[in-house]
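Engineer: Would you mind keeping the following structure in view while I ask a few things?
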Amino acid sequence: MEKLLQDILNADRFLFQFHITVTRAEPGFLELSLPVSENLMRPGDIMNGGAIMAVMDAAGGLCSLTTGDVANEVTVSLTCSFLRPVPGGMVHVAAKLLKRGGSLDFCRIEMTDGRGEILAEANGVWKVTRAKSQERLSHST
């Protein structure tokens, strides 16, 4: 599962520049890590808020894909709280599937630093297309 999700990230021409690594994936749960590189920083040497939201959005969407029965997903809504400045270094993102509906998945996402301090948290809703049993996810986003 990790390899498939990593391939999806690598095929995304926008997210590719973030150098995100899928570190863990199981049904309903996903972990990512990424370096906060200079191109993601804003004045003040902290991670740009839009970059934070992009990573949180990617994590929530990929979390929906961990169930194995989703052919595609698109974001319906994403609400993010920026709790602390995100300096350079490595950050970790964990996404958990909270609820599955017929065509909507609800996820919670947290971004933490190397000490486990929560830097940002988000809640989102993804519209999902469930795959038929013979067609499983094999696309690029």
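None of the figures in this text is laboratory data; all of them are computed from the coordinates on show. The shown structure was predicted, so the numbers you read here are calculated from the model rather than taken from an experiment. Quick reminder, even Gly has a Cβ in these numbers, built from the backbone with ideal geometry, and neighbours come from all protein chains shown.
Engineer: Please report the spacing between the Cα centers of region 36-66 and region 92-113 in Å, no decimals.
Structural biologist: Comparing the Cα centres of region 36-66 and region 92-113, I get a distance of 15 Å.
Engineer: Still on this structure: Angle, helix 49-65 long axis vs. longest principal axis of the chain, Cα atoms, 0 to 90°, nearest 10?
Structural biologist: Roughly 20 degrees, rounded to the nearest 10.
Engineer: Here is a further query. Would you indicate which of (1) 66, 35, 29; (2) 45, 32, 28; (3) 49, 26, 23 is the value of Cα extents along the principal axes in Å derived from the coordinates of this structure?
Structural biologist: So the structure-derived entry is (3).
Engineer: Within the chain, what's the longest stretch lacking trypsin sites (Lys or Arg not before Pro) that sit in DSSP loops with no more than 16 other Cβ atoms inside 10 Å?
Structural biologist: Longest gap between qualifying sites, sites excluded: 14-114.
Engineer: Work out the length of the dipole vector of the chain about its Cα centre, built from +1 on the beta-carbon of each Lys and Arg and -1 on the beta-carbon of each Asp and Glu, and round it to the nearest 20 debye.
Structural biologist: 360
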